[in-house]
There are 2 protein chains.
Amino acid sequence: MERELTIVVDGMGGDNAPACNIEGVVNALNEREGFRIIMTGDEEALMQGLSSYRYPKERLTIRPTTQVIAMAEPPVSAIHGKKDSSIVVGMGLVRKGEADAFVSAGSTGAVLVGGQLLVGRLKGVHRPPLACIIPTEKGMTCVVDCGANVDARPEWLIQFARMGSVYVENMLGIKAPTVGLLNIGAEEEKGNALVKETMPQLKACPDIHFTGSVEARDVPSGAVDIVVTDAFSGNVLLKMYEGTASALLHIIKKTLKSSVKTMIGGALIQGALKETLKRYDASNYGGAPLLGLKGLVVKAHGSSSAAEICTSIFQCLEFSEKDINGKIRRALEDAAVKAEA
Amino acid sequence: MERELTIVVDGMGGDNAPACNIEGVVNALNEREGFRIIMTGDEEALMQGLSSYRYPKERLTIRPTTQVIAMAEPPVSAIHGKKDSSIVVGMGLVRKGEADAFVSAGSTGAVLVGGQLLVGRLKGVHRPPLACIIPTEKGMTCVVDCGANVDARPEWLIQFARMGSVYVENMLGIKAPTVGLLNIGAEEEKGNALVKETMPQLKACPDIHFTGSVEARDVPSGAVDIVVTDAFSGNVLLKMYEGTASALLHIIKKTLKSSVKTMIGGALIQGALKETLKRYDASNYGGAPLLGLKGLVVKAHGSSSAAEICTSIFQCLEFSEKDINGKIRRALEDAAVKAEA
């Protein structure tokens, strides 16, 4: 008998836990059918939080845990030491096949380390990267790796490109998605050692729609569907995107309040501007999956709202229904066969 | 007899050369006194461009050159091969002491390589970084290195911090400027190998006001006065800043044109918004100097307008008048003495 699609949600991870985690779970259960949720965390806190909501109770189980991994804890020792934490127990359920996916807004480091050590990599995967979707002028772009593997090697980046292509083609519905290698210029001789070594190898992959270097300046306009990079540069890219947008909107808001004239003007444009900027709201994009694991692990923002937790759960459903992991496995196998031939 | 302060301007470098270079030079000469300019480049083109302007002719010399280094040329061979290019001849004038500074909007690679090979490093300088000023919510922040030295080493980053501190303190007038090391998290264990190795060394420098890791997300709000990083991440940071701001303003402008209501609103806020965003105009900040050379070399944007060329010239005047190079030399000597003690 096939078990129902099951998502584990870390009840304790994130700046707004457990309140937003609970609200996100409740909303997901009320909005869609065909799956169940297990929440890991402090039983009393979760029960109390849930008591004020109406939701299909038969689809939610609480798996009590007694420990929490804090944001700043060294990840490896936390994963080894806190066996009864919401993260370790949650990932354990995925490893044992009792659940399909794990969502956490908790410590990024612990989620990354746990994903590799507890859930485990698909055969042949060097390193599982975090794949993050950002909104662009044209639509959406996937940055891979946006936070997992600093000091990367060329063969890792090749796999990031391959796994990212499967993810984007199936989850975003972009046929033959284009891949750019993040670089600091368009010319051939530009780049650090990693980029220079990776460039010809990416060019030689017939299954990857590689378009060459992409400069950070061209990412927000949507120059490529997938940006491939090491996690350090990828994270700088992502965080600079958030930081610049936030700072710019902040000064524009301040300007709108600077005089009666601009306040009237601001009132007239407010509705349309909100509508436009909605597309730039992180909660629409859910979290970032670690690609290349045997099960699905999704890292949601530390500052996740209920809406973002809910979107991350829906993302897990789609990821599982579309069998992204199976497709990644086959893509890697095909590439390995071709490389040997 | 002391010769007058002399700035060499590359007449042929940049997307808008020579027209904008000529206009920028003319404006600089007309606006301020106490310096002279040498333009390198095609004599006929420069003479013809200049013929439509009024300016103090006795303060401008044309140094005819017959070659141009193109944007995409491999820099090292270009510097070695094109001895009569506007860049090589211009830098030669600085090396020979016939000029104090060289400004180019041409090939970044050629300017960087030429700076090191032709102008030469100050004693003890490992690698001269590009120091770029970006506007923030609080004021201004200097990113060093924003484009010269990829695959950097810890001891280079220490010098970037030290030279950047001298530059920011004297050019931006910020006493005891704070220095952050670009990182992908605030926790101690975060970062790539370079960051982890550099962190304790920066902490141990009594002359640097080091505040620890700075995340890209906090740069646009002005979290630190100086961001220290390798040139790859620094360039990603800088270009993402430009790209995000440009994409965001683009979609806001589109929104303002979406209906009669928003058009009226847009008209009411236009003036104030322009005033606010003026501070974010690259032409106000001039180019990026290469710190740690025996003479001054300033790289202006490839897309430099006349205003940016003019600002870059004024930047050279200030840099020379304030003897930034002398101060950098002394800061490095002091640090070396203390390290030995």
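Table for the structure above
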quantity	calculated
Contact order normalised by residue count of segment A:229-341, Cα under 8 Å, 6+ apart, percent	17
Gyration tensor verdict on segment A:39-123 (Cα atoms; rounded if a/c is under 1.5, prolate if a/b is larger than b/c, oblate otherwise)	oblate
Buried solvent-accessible surface, both chains (B, A), 1.4 Å probe, Å² to nearest 100	5000
Long-range amide H partners of B:ILE62 with built H, under 5 Å	B:MET39
Mean Cα-pair separation over length for chain A, i.e. relative contact order, pairs under 8 Å, 6 or more apart, %	22
For segment B:1-158, size of Cβ-based charge dipole, Lys and Arg +1, Asp and Glu -1, in debye	420
In segment B:30-65, trypsin sites (Lys or Arg not before Pro) in a DSSP loop with at most 16 other beta-carbon atoms within 10 Å	B:ARG32, B:ARG54
Chain B - charge dipole about Cα centre, Lys and Arg +1 at Cβ, Asp and Glu -1, debye rounded to 20	340
GNM top mover of A:ASP145, A:ASP281, A:ASP84 - chain A, alpha-carbon springs below 10 Å	A:ASP281
Size of electric dipole in the protein assembly as shown: Cβ of Lys, Arg +1 and of Asp, Glu -1, about Cα centre, debye, nearest 20	640
Shielding by partners, peptide B:208-221 (average Cβ within 10 angstrom, other chains)	4
Highest to lowest packing among B:239-247, A:316-324, scored as the average C-beta count within 10 Å	B:239-247, A:316-324
Calculated label separations, B:ASP151, copies of the chain, 7 Å along the beta-carbon direction, nm	1.6
Segment B:136-237 - percent relative contact order, Cα under 8 Å, separation 6 or more	49
Those residues of segment A:97-135 whose amide nitrogen sits under 16 Å from the label point placed on A:ARG32, 7 Å along Cα→Cβ	A:100-104
Most mobile of B:LEU273, B:LEU290, B:LEU122 in a GNM of chain B (Cα contacts under 10 Å)	B:LEU273
For the protein assembly as shown, calculated [θ]222 nm from helices alone, where every DSSP H run of n ≥ 4 adds -39500 (n - 2.57)	-14000 deg cm²/dmol
Protection proxy ranking of B:100-109, B:249-258 - average other beta-carbon atoms within 10 Å, highest first	B:100-109, B:249-258
Overall form of the protein assembly as shown per C-alpha gyration tensor (a/c, 1.5; a/b vs b/c)	prolate
Residue-wise HN-Hα coupling along segment B:250-257, computed from phi with Karplus coefficients 6.51, -1.76, 1.60 (Hz; x: Gly, Pro)	5, 6, 5, 4, 4, 4, 5, 9
Three-way shape label, segment A:278-341, alpha-carbon gyration tensor, a/c 1.5	prolate
Cross-link pairs beyond the 23 Å C-alpha cut-off, checked among A:LYS83/A:LYS299; B:LYS294/B:LYS327; A:LYS175/B:LYS239; A:LYS257/B:LYS254; A:LYS257/A:LYS278; B:LYS57/B:LYS299	A:LYS175/B:LYS239; B:LYS57/B:LYS299
Across the identical copies, how the A:HIS250 labels are spaced - nm, sorted shortest first, 7 Å along Cα→Cβ	2.5
GNM top mover of B:VAL68, B:VAL25, B:VAL143 - chain B, alpha-carbon springs below 10 Å	B:VAL68
All aspartates and glutamates inside 13 Å of B:LYS123 as judged from Cα atoms, apart from same-chain residues fewer than 8 positions distant	B:GLU333, B:ASP334
Inter-chain shielding of A:222-233 (mean C-beta neighbours from other protein chains, 10 Å cut-off)	3
Candidate aspartates and glutamates - alpha carbon under 15 Å from B:LYS196, same-chain residues fewer than 8 apart omitted	A:ASP151, B:ASP151, B:GLU155, B:GLU187, B:GLU188, B:GLU215, B:ASP230
Spread of Cα-to-Cα distances over 10 Å intervals beginning at zero, given as percent, for segment A:198-341	9, 25, 33, 20, 9, 4, 1, 0
Probe 1.4 Å, accessible area per residue of chain A, Å²	41
Per-residue HN-Hα couplings for segment B:240-245 [Karplus 6.51, -1.76, 1.60; θ = phi - 60°; Hz; x = Gly/Pro]	5, 4, 5, x, 5, 4
Nonlocal amide H pairs with A:ASP15, under 5 Å, H built at 1.01 Å	A:SER303, A:SER304
Amide H within-cut-off set for A:VAL103, under 5 Å, with H built and near neighbours excluded	A:VAL8, A:VAL9, A:ASP10, A:VAL298
Label-point separation, A:GLN270 to B:ALA186 (7 Å along Cα→Cβ), nm	3.2
Alpha-carbon centroid distance for the pair segment B:247-325 / segment A:70-134, whole angstrom	44
Copy-to-copy label separations for A:LYS123, where each label sits 7 Å from Cα toward Cβ, in nm and ascending	6.5
Net charge, B:GLN67 excluded, C-beta distance under 10 Å - Lys, Arg +1, Asp, Glu -1	0
Rounded to whole Hz, the Karplus (6.51, -1.76, 1.60) HN-Hα couplings of segment A:23-35, x for glycine and proline	5, x, 5, 4, 4, 4, 5, 6, 7, 10, 10, x, 7
Efficiency of FRET from Cβ geometry, A:ASN284 and A:ALA70, R₀ 45 Å, rounded to 0.05	0.95
14 Å beta-carbon shell around A:GLN315, net charge (K/R +1, D/E -1)	-2
Net charge of neighbours whose Cβ lies under 10 Å from the Cβ of A:ALA99, counting Lys and Arg as +1 and Asp and Glu as -1	+3
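The values are calculated or read from the model by the stated rules, or taken from the named source; none is laboratory data. What you are looking at is a predicted structure, and each value in this text was computed from that prediction instead of being measured. Quick reminder, even Gly has a Cβ in these numbers, built from the backbone with ideal geometry, and neighbours come from all protein chains shown. Just so you know, the surface numbers come from the protein's heavy atoms only, side chains and all, with ligands and any DNA or RNA stripped out. Shrake-Rupley method; radii C 1.70, N 1.55, O 1.52, S 1.80 Å.
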